[in-house]
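Below: one structure, written as structure tokens.
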Amino acid sequence: MIAGTRPELIKVAPVVRQLARYEEIRVSIVSTAQQADLLPAFLDLLDSEVDYRLSVMSAGQSLNALLSGTIAALDPVIAEVLPDLIVVQGDTTTALAGALAARMRGIPLAHIEAGLRTGDTENPFPEETNRRLISHMASLHCAPTRRNRAELVREGIAPQDIVVTGNPVVSSLQNAMRIPHVSGSLDGVFGQLRGLKPIILTTHRRESFGVTLDRNLRTLRAFVAKHPDTALVVPVHPNPAVKETVERILSDTERVTLIEPLDYASFLQLIQQAWLIVSDSGGIQEEVASLGKPLLVLRSVTERPEAIDAGVARLAGEWPGQLEALLDDCEELNNWIASVKPIPNPFGDERSASRIAQAFADFLLGQVESGRAAL
């Protein structure tokens, strides 16, 4: 099982735990450390040792350099382990590299979170392209929803190779919500938020860099200045393109607090304090239904329309003035925020991880039976 980023670890962790129940299955975990600065706080989610820790990041490298370097780093690991199945999650460069490395070695590939699509290869970039390519290399597709399954069938994926499992983030979220620990760095933050309506902002996507990021931050700063009963909290992503812009625009601003990235349980506890969430994250779109928190999605299109359909999220777009218009329509904004409550999560339930583990077990057993029949 290959993972390299915070979202990947969050989502594969409950699957790893479920696979431990199968005595005949041995899991080797490979971390590429694609998000090296963020991973240490999330590795303990696995409840298991990482078998191979790679180091694929270098300053200023291109996407092509990252992809080729990750494939090169993975190949000797695959040659050593000789797995019967390689598992990747989502749409990262690590996931695409794992898929290509599996394909070139002739090893079956399973894809967790298969079938998500926006229909626009530029948004998100390069994730939309990554997941389309992965789908056409995978032998087993774990689709979170029936809509995702339909997308895969429309692209020519054989229906018998698709299992609708739900998204394992729901399993991870429920597990993390049971953890009482809160990061010590949040003690002061919660104190500052007392009596205020907190807005939680996360932003990190490549298509948000530059003018769009600058404009969004200035819009939120102006909204908080205009509404003295609000406050803005920003866990700052360590990517230099994000960090420099956030600090330049939001540092030393009244009722704006910049904090370091949090471990998953602490982040969820911060989110629970939110009056409003503003984010370009895919994972948060999956989480807000269970948390009952309103989300403005800093995108013009999403591969997770289920959150929009459920009424817990709204697209804020990427064009000038769209976010500002949504925030400034105070009556509509307040009515919508008041209407959002926890609902059954449209992306899955607590059994999502166990369904994925069962799909892997069924696939591997099928491979064994096919081998016996060929003898």
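The values are calculated or read from the model by the stated rules, or taken from the named source; none is laboratory data. Since the structure is predicted, the reported quantities are computational estimates derived from the model, not experimental observations. Heads up, the Cβs are rebuilt from the backbone with ideal geometry, glycines too, and the neighbour counts pull from every protein chain shown. SASA here: full protein model, heavy atoms, side chains in, ligands and nucleic acids out. Shrake-Rupley method; radii C 1.70, N 1.55, O 1.52, S 1.80 Å.
Just flag the trypsin sites (Lys or Arg not before Pro) in the range 1-37 sitting in loop per DSSP whose Cβ has no more than 15 other Cβ atoms within 10 Å.
In loop regions of the range 1-37 (DSSP not H, G, I, E or B), the sparsely surrounded trypsin sites (Lys or Arg not before Pro) are Arg21, Arg26.
Take the Cβ-Cβ distance between Glu244 and Asn334 as r, set R0 to 25 Å, and report the resulting FRET efficiency rounded to the nearest 0.05.
Plugging the Cβ-Cβ distance into 1/(1 + (r/R0)^6) gives 0.15.
What translational D, rounded to a whole number of µm²/s, comes out for the range 82-134 from Stokes-Einstein when the hydrodynamic radius is the Kirkwood one over Cα pairs, at 10 °C and 1.306 mPa s? For the chosen part, D equals 142 µm²/s. GNM on the chain, alpha-carbon springs under 10 angstrom: the most fluctuating residue among Ala289, Ala143, Ala361 is Ala361.
Taking the range 135-218, which GluC sites (Glu not before Pro) meet the DSSP loop condition and have no more than 14 other C-beta atoms within 10 Å?
Qualifying residues, ordered by number: Glu155.
Counting only C-alpha contacts under 8 Å and six or more residues apart, can you give the relative contact order of the chain as a whole percent? Once normalised by length, the contact order is 16 percent.
Amide H to amide H, with H built 1.01 Å from N, Asp349 comes under 5 Å of Asn167, counting only residues 5 or more places away or on other chains. Of the GluC sites (Glu not before Pro) found in the range 225-291, the ones in coil according to DSSP and having at most 14 other Cβ atoms within 10 Å of their Cβ are Glu254.
Mean-square fluctuations from a GNM of the chain, with a 10 angstrom spring cutoff on Cα atoms, peak among Pro180, Pro294, Pro14 at Pro180.
Length gained on full extension, Ala59 to Gln273, computed as 0.36 nm times the residue gap minus the Cα-Cα distance: 73.5 nm. Here the gap between Arg21 and Leu365, fully extended at 0.36 nm per residue and compared with their Cα-Cα distance, gives a gain of 122.3 nm.
Can you tell me the accessible area per residue over the range 237-334, all protein chains present, probe 1.4 angstrom, in square angstrom?
Per-residue accessible area for the range 237-334 comes out at 37 Å².
Which value, in debye to the nearest 20, gives the size of the charge dipole of the chain about its Cα centre, when Lys and Arg are +1 and Asp and Glu are -1 at the Cβ?
Details: 35 positive and 46 negative charges, 58 e Å.
That gives a dipole near 280 debye.
Over the C-alpha atoms of the range 102-178, the Rg to Rh ratio, Rh being the Kirkwood estimate, stands at 1.01. Arg146 to Leu82: FRET efficiency via 1/(1 + (r/R0)^6), r the Cβ-Cβ distance, R0 30 Å, to the nearest 0.05? So, using R0 = 30 Å, E works out to roughly 0.25.
The alpha-carbon positions of the chain define a convex hull whose volume is 133 Å³ per residue.
What share of Cα pairs, in percent, lie more than 21 angstrom apart in the range 189-347? Pairs farther apart than 21 Å: 41 percent. With 0.36 nm allotted per residue and the present C-alpha distance subtracted, the Asp51-Arg132 stretch has 26.3 nm of extension available.
Could you please state how large a percent of the accessible area of the chain is carbon and sulfur, counting protein chains only and using a 1.4 Å probe? Let's see the in-between values first.
Details: 8240 of 16190 Å².
The C+S portion of the solvent-accessible surface of the chain is 51 percent.
Its residue count N sets the reference 2.2 N^0.38 Å, and the alpha-carbon radius of gyration of the range 319-361 equals 2.02 times that reference.
Using bins of 10 Å that start at zero, the share of Cα-Cα pairs per bin across the range 1-154 amounts to 11, 42, 37, 9, 0, in whole %.
Applying a 10 Å radius around every beta-carbon, put 131-139, 208-216 in order of their mean neighbour count, most first.
For the peptides 131-139, 208-216, the packing ranking is 131-139, 208-216.
Judged by the ratio a/c of the largest to the smallest principal axis of the C-alpha gyration tensor, the range 97-230 counts as prolate, that ratio being 1.5 or greater while a/b is larger than b/c.
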